[in-house]
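A quick write-up on the structure given underneath.
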Amino acid sequence: MKTAEDLRQLLNRIDHRGYPAYKDTKGAYQFGKYVLSIDHVQGDPFAAPSKLNVRVPGRIAGFPQELYDKAYKRISLQDYLTRNFWSQADQYSFQAKGSGKSGMITVTRCGQEVLERTACTIDEKSGDVIIRFEVGFPANGRTINARELIKILYDFLPACVEKALCYRRLNPEKVQKVMELAVDQETIRASLKEQNLVAFVANGAILPRESGVSQRPMKGAVPFVSPKSMEVVMELPYKGRITGMGIREGVTLIVGGGYHGKSTLLKALEAGVYPHIAGDGREYVVTDATAMKIRAEDGRSIKHTDISMFINDLPNGKDTIAFDTEDASGSTSQAANVIESMEAGAKAFLIDEDTSATNFMVRDELMQRVIHRNMEPITPFIERVRELYEKFGISTIIVAGSSGAYFEVADVIVQMDRYVPKEITELAKEAAKDYPVLQLPKDGAKLPSFDRKIRNNPGLKNKGRIKIKTMGKDGVMLNHETIDLRYVEQLMDSEQLNALGNIVKHLEENVFNGRKTLGQAIEELQNQLDTQGLKAICDGGYLPGNLAMPRKQEIYACLNRYRRLGTSRG
């Protein structure tokens with residue numbers, strides 16, 4: 001391995017030369033306490049910054065093993081170190097001067113959720129810490145300014161590594177608190193199953209967010225307080241005893257006037273599938289890890305999906321057992337979203353009336369009288385919601401502000417009143433007695449068929465190397481094919497979309513062969529992700545620093561919206 005002095009001499013030799021000479025720096029260098037690797041060098045100072053990584057050996061990093069001996073602890077510590085490194089690097093970014101992106105030093109900027117990312121990884125055996133980051137190699141115009149890069153690599157970077165990645169330089173109490181919070185959150189998640197709960201919202205939680213573009217907690221917001229009738233106790237190893245609202249398995253209805261906090265509560269439950277950092281306000285809001293937000297999605301593609309549980313006997317004679325369309329309606333898209341989430345293993349559905357297709361959710365009594373059941377191809381969700389729980393073990397949490405139709409089928413009804421929840425089940429059930437009883441369909445729901453064989457799309461490979469481009473949280477492009485993910489609302493970070501793009505590419509190139517079903521292909525992939533992490537989807541052994549792990553449910557959601565997905569019924 002080359003030394004730091006070798007790199008310095010090389011930089012001095014190429015100073016004032018044309019920018020492409022920076023390519024010679026690619027490689028690994030021993031920098032005393034750590035190894036610096038230059039993995040990719042940008043083509044010019046205006047291009048995307050160069051990609052580097054630092055590996056700090058476990059004996060130097062010095063983190064006690066009990067801080068990362070479980071996967072969820074390791075992910076939390078990695079998240080903490082990424083935030084630390086960003087904070088340090090941000091102080092030095094652009095302190096080295098030059099044109100274009102010269103002097104930029106940056107690493108993933110984490111949001112409120114704690115996600116498994118490639119920006120920082122800790123080897124669970126050796127304790128080695130690796131941080132992956134980007135640097136804008138300095139230039140004057142397009143002429144190398146090696147003296148400024150030397151300043152970055154020999155002055156700024158060692159300070160960042162020392163202050164952000166070495167345990168002896170950190171506040172041990174803060175690091176300990178990170179581990180303790182991770183353990184407490186995991187304890188709540190395990191307790192959900194033990195107490196037959198779908199979700200838990202701690203008393204004192206701050207659910208409203210700062211704004212539509214900020215996920216930070218709103219200042220002055222009303223702290224959450226559970227109705228006494230729904231209060232449950234969680235005994236946590238470090239926090240001790242906490243109380244909060246337990247949402248039990250079954251059908252839960254959240255009602256109330258506009259702007260009283262219904263959707264705010266649902267949004268917190270959607271995000272509760274992930275842990276949150278201390279100070280977020282939702283640290284102790286935990287939802288079943290498989291829960292899926294279900295909504296209408298006009299215009300999406302559907303590939304040979306069995307939506308017959310909800311839609312049958314279409315006037316055009318179209319097959320609803322293998323329903324296929326490039327332009328789904330609100331009702332067919334929401335039906336497909338339900339079925340696809342079942343296939344993905346979701347044990348809870350989260351639904352907001354505001355983002356649902358009305359004709360999919362309910363048909364009132366007057367409409368049933370005027371339009372007879374045998375003239376209506378849609379079996380509304382209200383007529384299946386009890387079966388979904390009693391037959392398939394899938395709970396549902398529904399937000400409703402204008403229709404009381406779900407009063408009859410709900411197990412628990414919660415009214416949000418100025419952000420304060422009140423349990424009104426008995427009152428609402430009594431009021432519902434004055435209305436006609438819901439008429440259920442004669443035929444019970446059958447488990448949908450998930451037997452879709454997946455073949456690869458030869459068009460991708462025929463065009464040469466598959467290029468991946470991510471558009472924030474809106475979608476991902478493979479060459480010129482866009483996968484629209486705007487309405488997959490539990491994708492919290494654009495780096496999850498980076499990972500999804502690589503996942504689709506990996507499956508297209510290595511797994512889809514026309515013999516496996518979609519479920520079999522994703523289960524095979526999930527096993528690889530569980531054992532190898534995101535390295536499993538990266539070619540050539542190079543692990544970029546801009547990936548975050550999506551849930552299995554989002555992998556299904558991405559592939560089901562992939563218009564070039566080659567599907568056929570087995």
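Taken together, the values in this text are just the output of simple stated rules run on the coordinates, not laboratory data. Note that this is a predicted model, so its numbers are computed, not measured. All Cβ positions, even for glycine, are placed from backbone atoms using ideal geometry, and neighbour counts span all protein chains on display.
Please give the helix 71-92 orientation as an angle from the longest Cα principal axis of the chain, in degrees from 0 to 90, rounded to the nearest 10. With both axes taken from Cα atoms, the answer is about 50 degrees.
Taking 1 over the mean of 1/r across every pair of different Cα atoms in segment 438-542, what Kirkwood radius in Å do you get?
15.8
Taking a threshold of 21 Å on the Cα-Cα distance, which of the pairs K267/K446; K228/K429; K303/K442 fall above it? From K267/K446; K228/K429; K303/K442, over 21 Å: K267/K446; K303/K442. For segment 24-57 versus segment 74-113, the spacing of their alpha-carbon centroids is 15 Å.
Residue order for D280, D6, fewest other beta carbons within 10 angstrom first, comes to D6, D280.
Angle between the Cα long axis of helix 262-271 and the longest principal axis of the chain, 0 to 90 degrees, nearest 10? Long axis of 262-271 versus the principal axis of the chain: about 50 degrees. Computed about its Cα centre, the charge dipole of the chain is approximately 2020 debye, with only Lys, Arg, Asp and Glu carrying charge at their Cβ. Relative intensity of segment 218-265 on a log10 scale, I(q)/I(0) at q = 0.15, 0.17, 0.20, 0.21 Å⁻¹, equals -0.57, -0.71, -0.91, -0.96, per a Debye sum over C-alpha point scatterers of equal strength in the absence of solvent.
Report the net charge of residues surrounding D484, where surrounding means a beta-carbon distance below 10 angstrom and charges are Lys +1, Arg +1, Asp -1, Glu -1. Each step should come with its number before you reach the end.
Working: positive: R300, R486, R561, R563; negative: E297, D474.
Computed value for this residue: +2.
Using every pair of distinct Cα positions in segment 2-170, the Kirkwood expression returns a hydrodynamic radius of 16.2 angstrom. Computed 3J(HN,Hα) for segment 539-547, one whole-Hz value per residue from the Karplus formula 6.51 cos²θ - 1.76 cosθ + 1.60 where θ = phi - 60°, is 7, x, x, 8, 10, x, x, 10, 10, glycine and proline marked x.
What shape does segment 173-450 have by the C-alpha gyration tensor, where a ≥ b ≥ c are the square roots of the eigenvalues, rounded means a/c under 1.5, and otherwise prolate means a/b greater than b/c and oblate the rest? Intermediate values should be presented prior to the final figure.
On the way: a/c = 2.05, a/b = 1.64, b/c = 1.25.
Because a/c hits 1.5 or more and a/b exceeds b/c, segment 173-450 counts as prolate.
Of the trypsin sites (Lys or Arg not before Pro) found in segment 374-460, those that fall in a DSSP loop while having at most 14 other beta-carbon atoms within 10 Å are R418, K433, K442, K446. Its Cα gyration tensor gives segment 243-309 an equivalent ellipsoid, and the semi-axes of that ellipsoid, as √(5λ) in whole Å with the largest first, are 27, 16, 14.
At a 10 Å Cβ-Cβ cut-off, how would you order T108, T290, fewest neighbours first?
Placing the least packed residue first, the sequence is T290, T108.
How many percent of DSSP beta bridges within the chain run antiparallel, rounded to 5? Don't jump to the answer; show the numbers that get you there.
On the way: 63 of 81 bridges.
Beta bridges within the chain, antiparallel portion: roughly 80 percent.
Cβ-to-Cβ counts within 10 Å put Y68, Y22, Y487, Y167 in ascending order as Y167, Y487, Y68, Y22, the fewest first.
Throw me the Rg/Rh for segment 12-90, computed over C-alpha atoms with Kirkwood Rh, two decimals. Before the final figure, lay out the partial values.
Values: Rg = 16.6 Å, Rh = 15.2 Å.
Taking Rg over the Kirkwood Rh, I get 1.09.
Identify all lysines with a Cα-Cα distance to K193 below 16 Å; exclude those on the same chain that are fewer than 8 residues away in sequence. Of all the lysines, those that pass the test against K193 - Cα under 16 Å, at least 8 places apart if same chain - are K347.
Kindly provide the helix-only [θ] at 222 nm of the chain, computed as the sum of -39,500 (n - 2.57) over DSSP H runs of four or more divided by all residues, to the nearest 500 deg cm²/dmol?
Details: 16 runs with 171 residues, N = 570.
Computed ellipticity for the chain at 222 nm equals -9000 deg cm²/dmol.
Cα centroids of segment 511-545 and segment 298-350: 26 Å apart.
Using the average count of surrounding beta-carbon atoms within 10 Å as a protection proxy, the listed peptides 315-323, 216-224, 43-51, 267-275 rank, highest first, as 267-275, 43-51, 216-224, 315-323.
Counting only other residues whose beta carbon sits under 12 Å from that of E180, what net charge do I get with K and R as +1, D and E as -1? It would help to have the intermediate numbers written out before the result.
On the way: positive: K73, K174, K177, K239; negative: E66, E173, D184, E186, E283.
Result for the neighbourhood of E180: -1.
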